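The values are calculated or read from the model by the stated rules, or taken from the named source; none is laboratory data. Predicted model only: the values in this text are computed from it and were never measured. All Cβ positions, glycine included, derive from the backbone under ideal geometry; neighbour counts span all protein chains shown. For the accessible areas, the whole protein counts, side chains as well, though only heavy atoms, and no ligand, DNA or RNA atoms are used. Shrake-Rupley method; radii C 1.70, N 1.55, O 1.52, S 1.80 Å.
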Number of protein chains: 4
Amino acid sequence: MFRAAEVVEIIRNDIYFEKQGDRMVFILKPDAPKEQIDQFLVSWEQKGFSTILSVGTEHTAVCLIGNTAEVDLDHIVETTDIVSYGKRITEQYKAVNRVVHEDDTIIHVGDVTIGEGFFTVISGPCSVESNEQILEIAFSVKNSGAKILRGGAFKPRTSPYAFQGRQEDGLEMLRMAKRETGLPIVSEIMNQTQLNLFEDIDIVQIGARNMQNFDLLRAVGGLKKPVLLKRGLANTIEELLMSAEYIVSAGNSEVILCERGIRSFETMTRNTLDLSAVVLLKQKSHLPVIADPSHASGIRSLVQPLSKAIMAVGADGIMVETHNNPAKALCDGAQSLDLEQFHDLMEDLKKRAEIEEKVI
Amino acid sequence: MFRAAEVVEIIRNDIYFEKQGDRMVFILKPDAPKEQIDQFLVSWEQKGFSTILSVGTEHTAVCLIGNTAEVDLDHIVETTDIVSYGKRITEQYKAVNRVVHEDDTIIHVGDVTIGEGFFTVISGPCSVESNEQILEIAFSVKNSGAKILRGGAFKPRTSPYAFQGRQEDGLEMLRMAKRETGLPIVSEIMNQTQLNLFEDIDIVQIGARNMQNFDLLRAVGGLKKPVLLKRGLANTIEELLMSAEYIVSAGNSEVILCERGIRSFETMTRNTLDLSAVVLLKQKSHLPVIADPSHASGIRSLVQPLSKAIMAVGADGIMVETHNNPAKALCDGAQSLDLEQFHDLMEDLKKRAEIEEKVI
Amino acid sequence: MFRAAEVVEIIRNDIYFEKQGDRMVFILKPDAPKEQIDQFLVSWEQKGFSTILSVGTEHTAVCLIGNTAEVDLDHIVETTDIVSYGKRITEQYKAVNRVVHEDDTIIHVGDVTIGEGFFTVISGPCSVESNEQILEIAFSVKNSGAKILRGGAFKPRTSPYAFQGRQEDGLEMLRMAKRETGLPIVSEIMNQTQLNLFEDIDIVQIGARNMQNFDLLRAVGGLKKPVLLKRGLANTIEELLMSAEYIVSAGNSEVILCERGIRSFETMTRNTLDLSAVVLLKQKSHLPVIADPSHASGIRSLVQPLSKAIMAVGADGIMVETHNNPAKALCDGAQSLDLEQFHDLMEDLKKRAEIEEKVI
Amino acid sequence: MFRAAEVVEIIRNDIYFEKQGDRMVFILKPDAPKEQIDQFLVSWEQKGFSTILSVGTEHTAVCLIGNTAEVDLDHIVETTDIVSYGKRITEQYKAVNRVVHEDDTIIHVGDVTIGEGFFTVISGPCSVESNEQILEIAFSVKNSGAKILRGGAFKPRTSPYAFQGRQEDGLEMLRMAKRETGLPIVSEIMNQTQLNLFEDIDIVQIGARNMQNFDLLRAVGGLKKPVLLKRGLANTIEELLMSAEYIVSAGNSEVILCERGIRSFETMTRNTLDLSAVVLLKQKSHLPVIADPSHASGIRSLVQPLSKAIMAVGADGIMVETHNNPAKALCDGAQSLDLEQFHDLMEDLKKRAEIEEKVI
């Protein structure tokens, strides 16, 4: 049974949201001239609203942020030539909302494509340890079929006494591996003071613990490169979308959402992978959605079956940890595949990609 | 990071378990004569132990329940002809433990097979409503490929004022549908006083709220028919195995485990489907494991993608709610597929069964 | 931030509830003659509604169960002499709702009172082990100030190999302890077939795992004695109230609610005590509310501070496990106070009862 | 029942921790000369260990960080004059561990004391809105008995379109309120680039979402002022202690821990207050522990009863949100007390402080 008790509480709260940022969207006619669109935007801004312009291949939408309680939606539609129709939306998130932007967002990183129709595999070690380690892994996962190389340079660790990553040296090793293999690279940023360090990193990752580090979200919203945003351990699907909204509304629409398991009462696994979230995120948003079977389970023998499930449920890719010697990994060895296991996984996924009609 | 704090607490607790029921298993030689096995069992029972005899195609095992702290395992192995080797096991569950019983348990219900190598689809309405309803659904899901018909007669409802099911009439409608279609039937039992009502029901279902109704578990442990045991909303994988242990140790080894979503903080779905549990249950136990995408999500549009993921992760089947008119269903309409959607799902799953090398 | 996303989902669901059991209550005038009240009830039942008559010292209320969508509330109020006013209520629970029954329910067990204005301490061992054990504990906790003796005879255990309680012998030991000490007794019932065994038990306890064993709830709804209903490990406050509604709507209004900790991600304690639930239950319902610090924490050294917090937050009592030799207890020794610790706790609570203006 | 399954998993993991940061502590003799202590520290550092020197009134301890597997503890004790005894500790946290530092840490902020023996009340608005607002609230809560003024200047909000706080102006309003009332002030820092803005703020608050922002923790570890560290929504007690360890091991031992509710499945409250955590934190650590009833519940009518429970359970204070006009608050109005309600709460708490033998 759904828990229906607090309807009144929630609605009241909803009204409270309503006060602060609203939910009206106008879908423009296909042939609306740019000039008139600009004029339309300016007219709203002069009335004190913020606007989001969302341009898709099918339709272009204008979303109003502000108190629209007094706005007569029908009147606007009738009196504005370029407007096809308008509607109020019930969600807090607008720029990432599929209602506002119907087309799937497709992201390009070098030759690699991420989004609907593709199943993009990101792989590499939890932590970059040495030139030899990252090179061996990078060449191997590339040969197996991975399209993007991951590697942690700055590691968020529960204990101050645990290995904290190779830091800037780690980023340099990663860039070297990119030069050698041609693989685009992704690594986790810890805070906005590191932005300059990530200049040559192709995709900037926001870790689960930083999902609601709003200053960092705003900062990467100013970048011209994709952001991989991981769901927080205890964050709802809606909160993840709101965090993506921070980035997109700040100007960067290249956000990849990543389900990586949530914290539940179950202790046999590190986290509980929430595959319903993958489906709902793709229904409610136009952004690409991938999942991370390594952190979701924390157990090597679960990575392969979970990866297959992630593909079958409709995700746009996976991020999976690999290591050339998991038993000696400085971090997360218990959940890392060795290079042969990763190769086998990729062979399996390639066969499955056909039935899914996806490019892997 | 795993939560490692309470190691001492848990170990202390573990020792406490140790006192009450222990963990020693002897694997017998393939050719051990039945007579000597019986003698071996009797000898332990005379010393005050309970025993579990587990006969598999590969090996036969004898498990001791009791304080084995003083038992010299090596000495027993050396001095007992029929014993191949012995070991202590770390888990609480014994009879359902794959260590004790290596072969997959395969369950037969009429012509239907449930277990490794098969993907068995159970389908039908949340609640049996009328002869017309159950017949229409039963014929349709059979034609689409379902092998077993489900239908609730006694419904556990949060509210005393909600529809409580057709009760005994519902069971009769279900039996009628079986006679007409030939499909084996499964329905939920609420308590052990109903056992006689379920005589002609092929599979008895224990619902999530009854997973730790230990008297009921013991009671169905006395049946000669399969039991479908659903995981509780807030029960761990280990607790599910312990509940299965109640049934198997009471004499009924035909238990089908069912993952149906756990309660987490996420509110956008009814529950959170835990697919890692499916893999772990199959690793740790020899029992068949299926999953229920309908209750796990509570949302119709999630049932198809989750079903595909359940197959890909390695489950032995699904239980999925269908209705000839979901909008008018007396119960759980929002999560029920209509008959055409179910047909489409089955067509999709049949294609996928090939790649999984499973009989569907 | 509250999670406001699924408002529409919940409201839709709410409407669905609305269809099946409704929410209209009429408050009667203080001097309404019994005859006219009966006539009023009959008139509704003839129209197909069920009714709940709730008699309080301040007002008497009639609650309608059924589809009241078409009922013209104002018209009824205007045209029915004995009706003072009417209202629709938003909650699913009616008979236990404070809106329907404003006065606090006060329960009497022998000389003992449970409810607002009192802080009733229930104590005793997790499990009744022997005549000597239960007698020693009973006399000691009585001298320290406990008003009711608890003792488990049938124990719900995760493992089939763990001690399952002294069963019927345990109940007899408990009755003996009552005869010797004069303390009323409470013990947990496992299923409705045991009802006759509990005839001389003063208060019947429904354990956490049985909170949604609806047949059992209905069965104890037919008793003429108090029921102690514990919150399930993963059940919401509203679900607890709905389970109480099963009992009260079946005719037994003497229900004591018990918060005993919920299952969360935290593993350092056995459960997470939810003291907000105590306050909300008392706000929303007229039933007495107690809490169980022993099961809520699982750790002896937490029992005293949590007991003080439970009193301070406004609960009507506690249920606390004690043992004459916790180190050798057959069950839950780690969370049981020894008799001296319990004595100290009672001395402390007695001082605090003054500031709370409660009778202890 | 505790969940005992993953003992082996956890122990293995524990060994892994062991490799990276260890757990040996030497308690020094009371009269150990500073010179010899320094020499002792240097000798370990030369062998590659990090050391923590913890000076208490009762004893002084030296904690080793590094691989102590090969260290012969008994030999060290026997051959080092200034060492009284040594032990290995099982916890990850060392500098905040009561084993290493037996005395309660007492923190002084101006004339205000925080720690064992005191119950310090921190109050003020969720968000500083204007000079008038903060002044009215500050004078009022001071008169009622609050000792420290809280006020949010930078607000972490789920939605980018919600009010984000008065930012630097808010800090200035807060400083003004301090000048006028003499109350020390506490406000939340969002990231380490803001450190200079917080120079005149007496206590720097780390919010729940930043509890594992490890760079920020290290940064405030370099401050010479108290840090108020709130528990994350889904963080365990041990993780909170590990985050405190980041700060203390970086040189700042003035950390105040704050329980503020965790995220559970219950939706009727904003979070679930975990009072067991308060007791356990005080048992395991020497740091002061307060709790926040406002965020823990999200409901005004729960703040008073929860505050009383927080005092009764043994916390060293509360942080409670107040507003001169909650209905018009820009943030969290639903959980804020008005000034009269706060006054009443304080009168109640003052009476209770006597029985607790605490200075309020």
Exercise. Just one of the numbered conditions (1) assigned to a helix (DSSP H, G or I); (2) over 21 Å from residue A:270 (Cα atoms) is not true of residue A:324; which one?
Worked result: (1)
Seminar exercise, completed: Taking the range A:248-269 and keeping residues open to solvent by less than 10 Å² (accessible area, probe 1.4 Å), more than 9 Å from every other protein chain (Cβ to nearest Cβ) and either under 21 Å from residue A:291 (Cβ atoms) or not in a loop (DSSP other than H, G, I, E, B) (or both) leaves A:255, A:256, A:257, A:258, A:259
Exercise. Has the range B:81-100 got any residue that is without any contact (Cβ under 8 Å) to a residue 60 or more places away in the chain, among the aliphatic types (A, V, I, L, M) and in a loop (DSSP other than H, G, I, E, B)?
Worked result: yes
Problem set entry | Residue among C:96, C:100 that alone is within 24 Å of residue C:289 (Cβ to Cβ), touching a helix residue (DSSP H, G or I) at 6+ places or on another chain (Cβ under 8 Å) and not small (Gly, Ala, Ser) | C:96
Seminar exercise, completed: By residue number, the members of the range D:334-360 that are of a type outside the set (D, E, K, R) and either within 18 Å of residue D:139 (Cβ to Cβ) or free of Cβ contacts under 8 Å to residues at least 12 places away in the same chain (or both) are D:336, D:337, D:339, D:341, D:342, D:343, D:345, D:346, D:355
Problem set entry | Condition met for residue B:274 (surrounded by 24 or more Cβ atoms within 10 Å (Cβ to Cβ), more than 12 Å from the chain's Cα centre (by Cα) and either closer than 27 Å to residue A:234 by Cα or at the interface with chain A (Cβ under 7 Å from one of its Cβ atoms) (or both)) | yes
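Would you mention how many residues in the range B:302-321 are in contact with a Ser or Thr (Cβ under 7 Å, 6 or more places away or on another chain) and in a helix (DSSP H, G or I)?
Qualifying residue count for the region: 3.
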For this session: Could you check, for the range C:114-121, whether at least one of its residues is open to solvent by less than 20 Å² (accessible area, probe 1.4 Å) and assigned to a helix (DSSP H, G or I)?
Result: no
For this session: Could you tell me whether the range C:303-326 includes any residue that is at pLDDT below 95, more than 7 Å from chain D (Cβ to nearest Cβ) and either closer than 21 Å to residue C:151 by Cβ or surrounded by fewer than 24 Cβ atoms within 10 Å (Cβ to Cβ) (or both)?
Result: yes
For this session: Determine if the range B:63-71 includes at least one residue that is closer than 22 Å to residue B:358 by Cα, in contact with a helix residue (DSSP H, G or I) (Cβ under 9 Å, 6 or more places away or on another chain), within 14 Å of another protein chain (Cβ to nearest Cβ) and surrounded by 17 or more Cβ atoms within 10 Å (Cβ to Cβ).
Result: no
Seminar exercise, completed: Counted residues in the range A:42-62 being closer than 24 Å to residue A:285 by Cβ and open to solvent by 20 Å² or more (accessible area, probe 1.4 Å) come to 11
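Right, residue A:84: of a type in the set (S, T, N, Q), away from chain D (no Cβ under 14 Å) and within 24 Å of the chain's Cα centre (by Cα) or not?
On the way: of a type in the set (S, T, N, Q): yes; away from chain D (no Cβ under 14 Å): yes; within 24 Å of the chain's Cα centre (by Cα): no.
No, not satisfied.
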Exercise. Can you name every residue in the range B:91-115 that is aliphatic (A, V, I, L, M) and touching an Asp or Glu at 6+ places or on another chain (Cβ under 9 Å)?
Worked result: B:95, B:96, B:99, B:106, B:107, B:109, B:112, B:114
Exercise. Regarding residue A:205, is this residue on the phi > 0 side of the Ramachandran plot and either free of Cβ contacts under 8 Å to residues at least 60 places away in the same chain or more than 23 Å from the chain's Cα centre (by Cα) (or both)?
Worked result: no
For this session: Take the range C:273-320 and flag every residue that is among the basic types (Lys, Arg) and closer than 15 Å to residue D:275 by Cβ.
Result: C:308
Seminar exercise, completed: Per the list (1) over 24 Å from residue A:233 (Cα atoms); (2) within 14 Å of chain D (Cβ to nearest Cβ), residue check on residue A:113 breaks on (2)
Exercise. Do we find that residue A:291 is open to solvent by less than 20 Å² (accessible area, probe 1.4 Å), within 11 Å of chain B (Cβ to nearest Cβ) and on the phi < 0 side of the Ramachandran plot in this structure?
Worked result: yes
Exercise. Would you say residue C:134 is modelled with pLDDT of 95 or more and under 14 Å from residue C:289 (Cβ atoms)?
Worked result: no
Exercise. So, of the residues in the range C:328-353 that are at pLDDT below 95 and out of contact with any helix residue (DSSP H, G or I) (no Cβ under 6 Å at 6 or more places or on another chain), which turns out to be farthest from residue C:157 (Cα to Cα)?
Worked result: C:328
Exercise. Using beta carbons and a limit of 6 Å, which pairs, at least six apart or on different chains, have the first residue in the range B:277-302 and in contact (Cβ under 8 Å) with a residue 12 or more places away in the chain and the second one open to solvent by 10 Å² or more (accessible area, probe 1.4 Å) and of a type in the set (Asp, Glu)?
Worked result: B:286/B:104
Problem set entry | the range B:327-347 - residue that is part of a loop (DSSP other than H, G, I, E, B) and open to solvent by 20 Å² or more (accessible area, probe 1.4 Å) and, of those, farthest from residue B:270 (Cα to Cα) | B:330
Seminar exercise, completed: Checked C:222, C:207, C:170 against criteria (among the small types (Gly, Ala, Ser) and more than 27 Å from residue C:281 (Cβ to Cβ)); the one match is C:170
Exercise. From A:96, A:141, which residue is buried (at least 20 other Cβ atoms within 10 Å of the Cβ), within 14 Å of another protein chain (Cβ to nearest Cβ) and in contact with a strand residue (DSSP E or B) (Cβ under 6 Å, 6 or more places away or on another chain)?
Worked result: A:96
